[in-house]
Amino acid sequence: MLRTEGVTIKFGGLTAVNNVSVHIQKKKITGLIGPNGAGKTTFFNCISGVYVPNSGHVIFDGKNIEGKRGWQINQLGIARTYQVINLFWKMTVLENVMVGMHSRLKSGFWSDIFRTPAQRAEERRAIEKAYEWLDFVGLKDNANDPAGSLPYGGQRRLEIVRGLASDPKLLLLDEPAAGMNTKEKGELDVTLHQILEKGVTILMIEHDMKLVMGVCDYIYVLEHGQLLAEGLPDEVQNNPEVVKAYLGGDDE
Amino acid sequence: MKSKTLDSKKLIALIVGAVVLLALPLVLPNYALLILSFWELYIIAVSGLDLVFGYCGQISLGHAAFYAIGAYGSGMLHEYCGIPVFFTMIIAAFISAAIGALIAYPSSKLVFHFLSLASQAFGEIVYLLISHSPGKITGNYQGFFSDYINLFGYELDSYTSFYYFGLVCVIVFLVIKTFMVKSKTGRAFTAIRENTHAADGMGINVRKYKVIAFSVSAFYTAYAGAMYLHLTKFINPDTFMLKQSVMFLTMLLFGGSGCLLGPVMGSFVVLLVNEVLRALQDYQMFVYGILLLVVVVAMPGGLYGEIMRLVNFIKGKATQKAEVK
Ligand SMILES: Nc1ncnc2c1ncn2[C@@H]1O[C@H](COP(=O)(O)OP(=O)(O)O)[C@@H](O)[C@H]1O
Ligand SMILES: [Mg+2]
């Protein structure tokens, strides 16, 4: 599904991501963990087209995609959420999801300004579909509220369905559980499995070890921009180097 | 049930509004009709600016240039190519849209402040071109004369006829604007305004949509410029200075941006202020400055925003009372 080969990116003297190669299996949940500042988000940015790696390759469905722009990569079937919530605050919850569908809507400028019958039919279907997505994460009742008025957990869930709305093959989640309470984390666990059942592959950065170990099929560990370890949750959990990195890094 | 009664209320309001608008020329003096005709063309110009500024979040201090391209373009196509006036207006607006796209393509990477400077520079260039044209094809400082609009043999030679024509134009332009902003295209504009980075991540080709917004905006404003020429039958470069761009922006901000009625209200208020303060024409920029200050300090949503806030406040009170009962 997605492979990276020796992805490296430098900011000035700092090598934020150093020679990272991963292999994301189709229809699995893969975790990416590591201490703060390890380069996880930067690695996501290299995959999703925010940054172009200085060297290395990103291969999606057999095609090299490094160097493509963010919007092109979304159209190819990779959607993402952000660590720092990046919603369209003044748009409604429903509109946020509909923006997420952008890549999949066929109407163009001329059919939009003349509101052709085909455009109307497509908009109607899009609205229905957007409500379905909101229902999926329990935000249906908030459809017409501004996104900025949602509570924190709701914002995180909206980011997830906004990404899903583009019918991606691969969904990148950057710390989806950050700021959630225990109950919300439990619900997220269920939601992640439901997404998987829809046939969407997931690559997830997450700090909550209980969640990661519970839901992930495979885990990569990043430290100082380099891959430190990889393996099944059990293997990674008992890997002495990983334990050292986490215990040495901070006192959590 | 509820929505049905609302709809019939809306329908009645619409019919009353239409009757009033259609009957105005019967009761108003000629001078008032001239003012209303100006209002119509300003609505179109400012609604165009709203697409770029209010929806897409990009500043332009060069819209006087598109206004000029519409006016001079239409006038020159008529004068030198003999094309009937109504068609010249549409052709000139398309030319302006093309120029708008050409300008927007390289500047779509610029951030707010640099875009404001770049657009201002564009305005200056067009001003220089029309005031120092080769062979005086624009009439330079002496100005440029043209004819009334000719609609398939019927000449719009009275303010009344122009008013009706303008009314149709306003409706067409506002309907298209509404269609546009409530579609995939309009959502892309707003997403870019709200968060360009996330818009890119959602599959929106940011550059393409900025170019579209600028181009459509240039079309609107140029068409208004052409209306202006064929209403007054005379233009000179004075009308197309930075002052004009600032006036459009003042109308937009004062009325409220990113909505349908903001430009409608804002252009009316600023037009009236200008008329009342005719004696202070040399201080126009000062007056705009004060109006903008009022917006920044007292009503960030513009006139429309404030009115909506009041309406919601009253509605909120009403439901509160109902709940108490
Ligand atoms: N645009 C940037 N310019 C300079 N340094 C950056 C940039 N983005 C990230 N970094 C640096 O790269 C390192 C990795 O950051 P990040 O990927 O956010 O870590 P993580 O997500 O694992 O916490 C940090 O030291 C950060 O300061
Ligand atoms: Mg991070």
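Worth pointing out:
- Along region A:235-243 the Karplus relation, 6.51 cos²θ - 1.76 cosθ + 1.60 evaluated at θ = phi - 60°, assigns HN-Hα couplings of 4, 5, 4, 9, 6, x, 5, 5, 4 Hz to successive residues, with x for each Gly and Pro.
- Averaging the sequence gap over all C-alpha pairs within less than 8 Å and six or more residues apart, then dividing by the number of residues, gives chain B a relative contact order of 30 percent.
- Placing dummy labels 7 Å off each Cα toward the beta-carbon, the span from B:LEU128 to B:VAL27 is 5.2 nm.
- Candidates per trypsin sites (Lys or Arg not before Pro) in region A:192-252, loop by DSSP, up to 14 other Cβ within 10 Å: A:LYS198
- Solvent-free Debye scattering, log10 I(q)/I(0), computed from the Cα coordinates of chain A at q = 0.16 Å⁻¹: -1.21
- Ranking A:ASN45, A:PHE11, A:GLN75 by how far each Cα lies toward the positive end of the dipole of region A:1-80 (charges on Cβ) leaves A:GLN75 at the top.
- Taking both sides together, the accessible area buried where A meets B is about 2600 Å² for a 1.4 Å probe.
- Largest GNM mean-square fluctuation across B:ILE43, B:ILE59, B:ILE69, computed for chain B with C-alpha springs under 10 Å, falls on B:ILE59.
- In the protein assembly as shown, inverting the average of 1/r over every pair of distinct C-alpha atoms gives 26.7 Å as the Kirkwood radius.
- Area of A:LYS27 that stays accessible when all protein chains are in place (1.4 Å probe, Å², to 10): 120 Å²
- When only the Cβ of Lys, Arg, Asp and Glu is charged (+1, +1, -1, -1), the dipole of chain B relative to its Cα centre reaches about 1420 debye.
- Relative contact order computed over region B:1-96 (Cα-Cα under 8 Å; 6+ residues apart), in percent: 16 percent
- Farthest toward positive dipole pole in chain A [+1 Lys/Arg, -1 Asp/Glu at C-beta], among A:SER107, A:VAL84, A:ALA229: A:SER107
- B:ASP238/A:ALA118 FRET efficiency (R0 45 Å; Cβ-Cβ; nearest 0.05): 0.40
- Counting only other chain Cβ atoms within 10 Å of each residue's Cβ, the peptide A:58-71 averages 2.
- 10 Å Cβ neighbours from other chains, averaged over peptide B:188-194: 5
- Per-residue SASA entry for B:TYR228, accessible area with 1.4 Å probe, Å² rounded to 10: 30 Å²
- Cα gyration tensor shape of region B:180-325, rounded if a/c is under 1.5, else prolate or oblate by comparing a/b with b/c: oblate
- For region A:86-165, a crude dipole built from +1 on the beta carbon of Lys and Arg and -1 on the beta carbon of Asp and Glu, taken about the Cα centre, is about 180 debye to the nearest 20.
- About the Cα centre, charge dipole magnitude for the protein assembly as shown (Lys/Arg +1, Asp/Glu -1 at Cβ), debye: 1080 debye
- Near the amide H of B:LEU151, within less than 5 Å, lie the amide hydrogens of B:LEU156, all on another chain or at least 5 residues away, with H placed in the peptide plane.
- Dipole-positive endmost among B:HIS78, B:MET227, B:ILE99 within region B:33-324 (Cβ charges, Cα centre): B:ILE99
- Rounded to the nearest 10 Å², the accessible area of B:GLU155 at probe 1.4 Å: 80 Å²
- Loop-located trypsin sites (Lys or Arg not before Pro) in region B:202-276 (DSSP state not H, G, I, E or B) with no more than 14 neighbouring Cβ atoms inside 10 Å: B:LYS233.
- With Cα atoms defining each centre, region A:156-180 and region B:156-210 are spaced 30 Å apart in the structure.
- Solvent exposure of the protein assembly as shown as accessible area per residue, Å², 1.4 Å probe: 47 Å²
- Rolling a 1.4 angstrom probe over the protein assembly as shown with all protein chains present gives an accessible area of which 62% lies on carbon and sulfur atoms.
- Neighbouring partner chain Cβ atoms per residue of A:232-242, average, 10 Å criterion: 0
- Shape of region B:33-324, Cα gyration tensor, a/c cut at 1.5: prolate
The values are calculated or read from the model by the stated rules, or taken from the named source; none is laboratory data. If you're wondering where the values come from, they're calculated on a predicted model, not measured in any experiment. No Cβ is skipped: glycine too gets one built from the backbone with ideal geometry, and neighbour counts run over all protein chains shown. Accessible surface is based on the protein model in full, side chains and every heavy atom, while ligands, DNA and RNA are left aside. Shrake-Rupley method; radii C 1.70, N 1.55, O 1.52, S 1.80 Å.
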